[in-house]
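Data first, discussion second: the structure below is written as structure tokens.
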Amino acid sequence: MLFNELGLSAELLRAVSEQGYTQPTPIQAKAIPEILKGADVLAGAQTGTGKTAGFTLPLLHRLSQSAPAGGKRPVRALVLTPTRELAAQVSESVRAYGKNLPLKSAVIFGGVSINPQISALRRGVDILVATPGRLLDHVNQKTLDLSKVEILVLDEADRMLDMGFIHDIKKVLALLPKTRQNLLFSATFSDEIKRLADGLLDDPVLIEVARRNTASETVEQVIHPVDKSSKRKLLAYLIGSENWQQVLVFTRTKHGANRLAQQLDKDGLSSAAIHGNKSQGARTRALADFKSGKVRVLVATDIAARGLDIDQLPHVVNYELPNVPEDYVHRIGRTGRAGNEGKAISLLSIDENKLLRDIERLLKRQLPREVIAGFEPDPNAKPEPQVTRPRGNSQGRHRAGGRNQSDRGNGSAAYAGNGRNRNGSRQSRSANI
Ligand code: AMP
């Protein structure tokens, strides 16, 4: 299948070819023709499948085919995303694919000044990409009118629900015209997502593509058992001896991310940390430095890394395993994207065996263990009592947390209250991420 068989305009095909894409990914091949027809779509697709272009290209096509009557441009397409990073990335895609079209776009999220956003909205915007909290701030300040929206996209809807955005989403839905096209993208289909889809979508076309991450053949996964106290040395050794030039490292806590980035820097490996306590500017800078190669190691917490679009990321390291097994799948989804090979390495200390068992149960397979010579774990080591298990899987991840303030506040409150802290646990994850 070729891009020019999908029914997209010449301007869009030119932009696609400038991106260097030759063939549509499976989600693009399935979703683009349906969206062009005007159908509502329920798509099961994770980051890394090419889903962004899957909805952005037909959305741009449809908007460019009809122009609103004179006057200020009303917002005609609204894309909601759970995180600032994802909003920024979707907006970059809209700009890149729409560069040959006379359409205007803007992105709005919290953690940055609202005034430039107000100015952009005042000038007129066809496509708006936003996180829910800041979007509602604009609505409350009467700087935004959503009454002319023709197409609504909920991107990473499962993550939006995880983060406690359901009430905000409902508030936004109430502001939209009744007749519109709705596109819902979600990596997972919980009962809560199904309920949302039932209320939102009109006779939707269901599109599912293989879950790349669990089934992925492109991501090689390996576990290195090691003592906790030797993890940093092992990481530095692996980066140096294997000559990794770009590596994304996950820690469980913000504090851990900062400390590790500082220590690696001292070891001579240029590093930066990215997490919810960093200002938006600092996060954007760290990501840009990482992409350009100025920073070799990016240390991130789970939610901060969610949705990061880094092309062809060759190495992902779990410095600590995540408490929630699904986060492992999201983490390794940063590598081996769109058909590129990738490697996911996990450093496993004795107290993380249980977390690994949960992950392997989710993946339905055992991951290979490989002890690195010189870093053999102490066979007499005792596990330290630490983080307890996540709540039961049946509904745990979807408990309604308080509304997440992260996309409104100034960063310091980011991601607090996402409903994921565990009972009685020494480490409250929601406070630490
Ligand atoms: P997404 O799932 O939208 O986050 O996209 C994942 C990555 O795939 C991004 O880095 C895109 O630039 C890239 N991508 C999207 N569509 C294609 C395509 N048709 N061919 C190759 N790469 C693509």
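Descriptive notes on the structure:
- Modelled spin labels at residue 5 and residue 279, positioned 7 Å past Cα toward Cβ, are 5.1 nm from each other.
- What you get for the stretch 52-168, charging only the Cβ of Lys and Arg (+1) and of Asp and Glu (-1), is a dipole of about 660 debye around the Cα centre.
- The lysines within cross-link reach of residue 148, meaning a Cα-to-Cα straight distance under 24 Å and a gap of 8 or more places when in the same chain, are 37, 72, 99, 104, 170, 171, 178.
- For residue 207, the residues 5 or more places off, or on other chains, whose built amide H falls under 5 Å of its own are 42, 43, 44.
- The stretch 3-208 - percent relative contact order, Cα under 8 Å, separation 6 or more: 28
- Within straight-line cross-link reach of residue 228, lysines at Cα separation under 21 Å, skipping those fewer than 8 residues along the same chain: 254, 266, 354, 382
- Packing-based ranking of 370-381, 10-21, 55-66 yields 55-66, 10-21, 370-381, ordered from highest to lowest mean Cβ neighbour count within 10 Å.
- Share of Cα-Cα pairs in the stretch 219-363 lying beyond 27 Å, as whole percent: 12
- Mean Cα-pair separation over length for the stretch 219-363, i.e. relative contact order, pairs under 8 Å, 6 or more apart, %: 33
- Length gained on full extension, residue 13 to residue 100: 30.3 nm, using 0.36 nm per residue less the C-alpha separation.
- Fraction of beta bridges assigned by DSSP in the stretch 219-363 that are antiparallel (%, nearest 5): 0
- Sequence-ordered 3J(HN,Hα) estimates for the stretch 150-157 from the Karplus curve with 6.51, -1.76 and 1.60 and θ = phi - 60° stand at 9, 10, 10, 10, 9, 9, 6, 4 Hz, glycine and proline given as x.
- Note on the stretch 3-208: percent of Cα-Cα distances in each 10 Å bin, starting at 0 and stopping at the bin with the largest distance, equals 9, 38, 39, 14, 0.
- C-alpha center-to-center spacing [the stretch 41-88, the stretch 2-31] in angstrom: 15
- From most to least packed by mean Cβ count within 10 Å, the peptides 95-105, 137-147 give 95-105, 137-147.
- All aspartates and glutamates inside 15 Å of residue 294 as judged from Cα atoms, apart from same-chain residues fewer than 8 positions distant: 265
A short reminder: the numbers here are calculations on the coordinates, not readings from a lab. Everything numeric in this text was worked out from a predicted model, so none of it was measured. Cβ atoms come from the backbone with ideal geometry, glycine included; neighbour counts cover every protein chain shown.
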